[in-house]
């Protein structure tokens with residue numbers, strides 16, 4: 001990574017989950033889930049890790065584990081807004097010029113995908129880095145909850161420029177489809193620009209925030225990773241995470 005990149009990892013977290021209430025504080029192997037995510041961020045070894053907490057209880061859980069948390073406005077509309085506000089409060093001097101948005105529901109994520117997203121910023125033309133994995137299960141192709149990243153990937157290449165993101169099975173024709181994983185690495189200036197933009201037409205239609213950046217002409221680069229990390233959205237997901245971390 002070029003010396004000009006000084007990254008920080010920020011994990012947005014809030015208690016208001018409809019499918020799994022109080023999700024960040026759910027017990028996983030004796031600790032709140034958000035603490036496990038914070039540890040995964042630390043294991044990536046790319047910079048300091050801060051939790052952007054919408055509620056005091058989340059901040060207290062992280063601080064008890066020895067981590068750093070920043071309280072954010074609980075009314076913020078998205079995780080991107082939350083990491084932006086946390087970054088402004090934690091680092092008003094602008095020391096960190098890149099930020100990895102690590103979702104707070106990925107307690108088993110490995111370091112490599114986190115590093116892969118950040119590594120895309122080595123190209124100065126890239127505003128935002130993200131990751132995707134090839135879809136291997138037929139049922140995921142038509143599942144609207146599985147977001148597809150559309151990007152050209154030449155043989156032997158491991159990353160390409162995002163052309164679109166969609167809930168539909170795309171592109172058509174022969175070849176793989178790619179499951180988008182909602183982990184992002186932003187240049188700080190790109191994040192500031194992004195949160196200031198109004199919601200895009202396609203963003204509202206597909207309910208995909210990243211389309212706002214594409215509509216505004218920002219460059220998103222996608223790195224191919226081997227697997228989709230377990231995202232905890234339901235009680236069944238939570239039990240799977242408990243079993244994985246128990247092992």
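For the chain, adding -39500 (n - 2.57) for each run of n ≥ 4 DSSP H residues and dividing by the number of residues yields -9000 deg cm²/dmol at 222 nm.
Normalised by the number of residues in the chain, the average gap of Cα pairs under 8 Å and 6 or more apart makes the relative contact order 22 percent. The spread of Cα positions in the chain, taken along each principal axis and listed from longest to shortest, comes to 51, 42, 33 Å.
Can you compute the modelled spin-label distance between residue 192 and residue 245, with each label point 7 Å from Cα toward Cβ, in nm? In this crude label model, residue 192 to residue 245 measures out at 3.5 nm. Of 233, 73, the sequence from fewest to most neighbouring Cβ atoms within 10 angstrom is 73, 233. Here the spin labels are modelled as points 7 Å beyond Cα on the Cα-Cβ line, and at residue 170 and residue 216 they lie 2.1 nm apart.
Please compute the length gained on full extension between residue 57 and residue 236, using 0.36 nm multiplied by the number of residues separating them and subtracting their Cα-Cα distance. This chain segment gains 62.1 nm when fully extended. Of all DSSP bridge pairs formed entirely within the chain, close to 50 percent run antiparallel. Ordering 62, 11 from the fewest to the most neighbouring beta carbons within 10 Å gives 62, 11.
For segment 93-230, the equivalent ellipsoid derived from the alpha-carbon gyration tensor has semi-axes of 23, 18, 15 Å in decreasing order. Kindly provide log₁₀ I(q)/I(0) values, in the same order as q = 0.23 Å⁻¹, from the Debye equation applied to equal alpha-carbon scatterers of segment 1-119. Log10 I(q)/I(0), no solvent term: -1.39.
Quote to one decimal, in nm, the extra length available between residue 15 and residue 112 on full extension: 0.36 nm per residue of separation minus the C-alpha distance between them.
Details: separation 97, 0.36 × 97 = 34.92 nm, distance 2.76 nm.
Extra length from residue 15 to residue 112 when fully extended: 32.2 nm.
Ordered by the number of other Cβ atoms lying within 10 Å of each residue's own Cβ, fewest first, 130, 227 fall into the sequence 227, 130.
A short reminder: the numbers here are calculations on the coordinates, not readings from a lab. Just so we're clear, the structure is a prediction, and the values are computed from it rather than from any experiment. Ideal geometry is used to build each Cβ from the backbone, glycine not excepted, and the neighbour counts take in all protein chains shown.
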